[in-house]
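Novice: To start, I am sharing the structure in question, which I have written as structure tokens.
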Amino acid sequence: MIYLNGEYLPISEAKVSVMDRGFLFGDGVYEVIPVYSRKPFRLADHLRRLDASLAGIRLANPLGAAEWTALVVRIVEQAEADDQQVYLQVTRGASATRNHAFPKIVSPTVFAMSEPLLPPPAEQREQGIAAVSAADNRWLRCDLKATSLLANCLLRQLAVEAGCAETILFRDGFLTEGAASNIFVVRDGRLLAPLKNHLMLPGITYDVVLELAAGNGLEVAVRDVLEQEVRGACELWMTSSTKEVLPIVSLDGRPVGTGLNAGKPGPMFEKMYGWYQEFKQSVMHGESHG
Ligand code: PDD
């Protein structure tokens with residue numbers, strides 16, 4: 001069952017107008033919320049970010065936090081898998097004619113569904129993944145989780161066609177993020193993360209990783225990260241709600257790191273992966289939502 005505009009129905013019966021601005025203009029925002037053992041992870045943070053994305057595109061939030069929570073709980077209950085990814089989407093709805101300007105009366109389209117969440121294959125975690133790099137040619141509001149993802153799709157496809165898992169993006173000589181993930185850098189025993197701004201999505205997994213790093217006494221610097229620092233990194237990681245934390249072991253065909261660790265997941269990744277799994281376990285077995 002999926003949720004569409006107040007109704008729960010089978011996906012084959014869910015229909016949206018071809019005049020929906022989500023379809024015509026990509027005029028909408030979304031969220032992807034991981035669910036472990038039927039417990040939504042960091043739900044409040046995801047709902048806060050949804051609220052910020054809606055405010056950013058000047059679309060009133062059609063539901064309050066309690067209503068969103070009830071909706072997510074029901075979608076999770078009705079799905080088969082214990083581990084799920086809940087997808088929420090709000091668009092500016094349909095209008096009578098195609099017109100860039102907002103309709104006078106907006107009736108948003110609200111959509112929610114759940115899909116099974118499979119952890120990344122063990123091989124990716126144990127051996128690491130390969131990445132390519134590209135110039136970040138997206139718009140200047142990458143902090144909004146907008147459904148207009150054409151640039152991200154084109155950029156991710158570069159990775160796929162190179163036999164890689166992710167595309168790392170640089171803008172004006174600085175790291176922004178991945179095509180669908182945030183990127184962390186380890187150099188000289190210190191974890192570097194780009195400062196949140198309008199050029200990257202404020203990742204929920206990014207927050208978790210920084211909290212775990214601080215809680216476990218890692219030396220962390222959150223600041224602008226130079227492209228050269230990425231290219232000369234000891235370790236690179238990608239993070240997202242669906243991939244958690246994965247080690248990137250090659251960039252543009254060159255191994256990440258030096259010496260014995262070159263081209264292999266690094267020691268700091270191994271620690272972070274362990275902390276992340278422990279934290280997930282504690283959330284699954286505790287009362288909080290992480
Ligand atoms: N994408 N940056 C971009 C551009 C993303 O699309 C994502 C996640 C992230 C990581 O954010 P979070 O940790 O909150 O998932 C960063 C989701 C998973 C997607 O579009 O499917």
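Novice: With the crude spin-label approximation of a point 7 Å out along Cα→Cβ, what separation in nm comes out for residue 51 versus residue 153?
Specialist: Between residue 51 and residue 153, the label points sit 3.1 nm apart.
Novice: To test your reading of the geometry: what angle, between 0 and 90 degrees and rounded to tens, separates the Cα axis of helix 43-56 from the longest principal axis of the chain?
Specialist: Once rounded, the angle reads 70 degrees.
Novice: Provide the net charge surrounding residue 27, with neighbours chosen by a C-beta distance below 12 Å and charges set as Lys +1, Arg +1, Asp -1, Glu -1.
Specialist: Numbers: positive: 21, 58, 92, 98; negative: 20.
My count for the surroundings of residue 27 gives +3.
Novice: Quick one: among 266, 128, 26, which has the greatest mean-square fluctuation in a GNM of the chain with alpha-carbon springs under 10 angstrom?
Specialist: Checking each option, the largest mean-square fluctuation is seen for 26.
Novice: In whole Å, what are the Cα extents of the chain along the three principal axes, biggest one first?
Specialist: Largest to smallest, the principal-axis extents are 62, 43, 31 Å.
Novice: For residue 103, what is the net charge nearby, where nearby means another residue's Cβ is under 9 Å from its Cβ and Lys, Arg count +1, Asp, Glu -1?
Specialist: Numbers: positive: 21, 92, 104; negative: none.
Net local charge, residue 103 excluded: +3.
Novice: How far is it, in nm, from the label point at residue 18 to the one at residue 160 when both lie 7 Å from their Cα along the line to the Cβ?
Specialist: It is 2.5 nm.
Novice: Follow-up question, since we're still on this one. Most fluctuating residue of 260, 218, 150 in a GNM of the chain with Cα springs under 10 Å: which is it?
Specialist: Among 260, 218, 150, the largest GNM mean-square fluctuation belongs to 260.
Novice: Would you please name the trypsin sites (Lys or Arg not before Pro) within the stretch 12-46 that are DSSP coil residues with at most 15 other C-beta atoms within 10 Å of their C-beta? Could the numbers behind the result be given before it?
Specialist: Working: sites: 15, 21, 38, 42; in loops: 15, 38, 42.
Here the trypsin sites (Lys or Arg not before Pro) that fit, given the DSSP loop and packing criteria, are 15, 38.
Novice: Taking 0.36 nm per intervening residue step and subtracting the Cα-Cα distance, what contour gain separates residue 214 from residue 118 on full extension? Don't skip to the answer; put the middle values down first.
Specialist: Numbers: separation 96, 0.36 × 96 = 34.56 nm, distance 2.78 nm.
Length difference between fully extended and current span is 31.8 nm.
Novice: Okay, moving on. Hey, can you find the accessible area per residue of the chain for me, probe 1.4 Å, expressed in square angstrom?
Specialist: On the way: 13920 Å² over 290 residues.
Heavy-atom SASA per residue in the chain reads 48 Å².
Novice: Considering only 39, 243, 280, give the residue with the highest GNM mean-square fluctuation for the chain, with springs between Cα atoms whenever their separation is below 10 Å.
Specialist: Of the options given, 280 has the highest mean-square fluctuation.
Novice: Something else: With a sphere of radius 11 Å drawn around the Cβ of residue 1, what net charge do the other residues whose Cβ falls strictly inside it have (Lys, Arg +1; Asp, Glu -1)? It would help to have the intermediate numbers written out before the result.
Specialist: Working: positive: 74; negative: 7, 13, 77, 80.
Charge balance in the 11 Å sphere: -3.
Novice: Expected output is a single nm value to one decimal: the length gained when fully extending between residue 25 and residue 188, i.e. 0.36 nm times separation in residues minus the C-alpha distance. What is it? Let's see the in-between values first.
Specialist: Numbers: separation 163, 0.36 × 163 = 58.68 nm, distance 4.50 nm.
54.2 nm is the gain from fully extending residue 25 to residue 188.
Novice: Please list, by residue number, every one of the chymotrypsin sites (Phe, Trp or Tyr not before Pro) in the stretch 99-175 that is coil in DSSP and has at most 16 other beta-carbon atoms within 10 Å.
Specialist: Details: sites: 111, 139, 170, 174; in loops: 139.
Taking the stretch 99-175 and a limit of 16 other Cβ atoms within 10 Å, the loop chymotrypsin sites (Phe, Trp or Tyr not before Pro) found are 139.
Novice: Which is farthest toward the positive dipole end of the chain among 242, 215, 269, measuring Cα position about the Cα centre, with Cβ charges +1 (Lys, Arg) and -1 (Asp, Glu)?
Specialist: 242
Novice: Can you divide the C-alpha Rg of the stretch 2-116 by 2.2 N^0.38 Å and report the result to two decimal places?
Specialist: Its radius of gyration relative to the 2.2 N^0.38 Å reference: 1.07.
Novice: A follow-up question, please. Lysines near residue 243 by alpha-carbon distance under 24 Å, same-chain residues fewer than 8 away left out - which ones?
Specialist: Cross-link targets: 39, 145, 196, 264, 271, 280.
Novice: If you don't mind, another one. What accessible area, in Å² to the nearest ten, does a 1.4 Å probe give for residue 53?
Specialist: 0
Novice: Using a simple charge model, +1 on the beta-carbon of Lys and Arg, -1 on the beta-carbon of Asp and Glu, nothing else, what dipole does the chain show about its Cα centre, in debye to the nearest 20? It would help to have the intermediate numbers written out before the result.
Specialist: Values: 28 positive and 34 negative charges, 151 e Å.
So the dipole magnitude of the chain works out to roughly 720 debye.
Novice: May I pose another question? Which stretch or stretches of the stretch 176-202 have amide N atoms under 16 Å from the point lying 7 Å from residue 258's Cα along the Cα→Cβ direction?
Specialist: Only 186-190 pass the distance filter.
Novice: Also, I was wondering about something else. Please give the charge dipole size of the stretch 2-116, origin at the Cα centre, charges +1 on K and R Cβ atoms and -1 on D and E Cβ atoms. Round to the nearest 20 debye. Numbers along the way, then the final one.
Specialist: Working: 12 positive and 13 negative charges, 109 e Å.
The calculation lands at about 520 debye.
Novice: Sticking with this one: Counting other Cβ atoms within 10 Å of each Cβ, which trypsin sites (Lys or Arg not before Pro) in the stretch 103-166 have at most 10 and sit in a DSSP loop? Mind showing how you got there, number by number?
Specialist: Working: sites: 104, 125, 138, 141, 145, 156; in loops: 104, 138, 141, 145.
Those that pass, being in a loop and sparsely packed, are 104.
Novice: Can you bin the stretch 122-284 into rounded, prolate or oblate? Criterion: square roots of the alpha carbon gyration tensor eigenvalues sorted a ≥ b ≥ c, rounded for a/c under 1.5, prolate for a/b above b/c, oblate for the rest.
Specialist: Working: a/c = 1.41, a/b = 1.19, b/c = 1.18.
Cα axes put the stretch 122-284 in the rounded bin.
The values are calculated or read from the model by the stated rules, or taken from the named source; none is laboratory data. These numbers come from a predicted model, not from an experiment. Every residue, glycine as well, gets a Cβ built from its backbone with ideal geometry; the counts of neighbours run over all protein chains shown. SASA here: full protein model, heavy atoms, side chains in, ligands and nucleic acids out. Shrake-Rupley method; radii C 1.70, N 1.55, O 1.52, S 1.80 Å.
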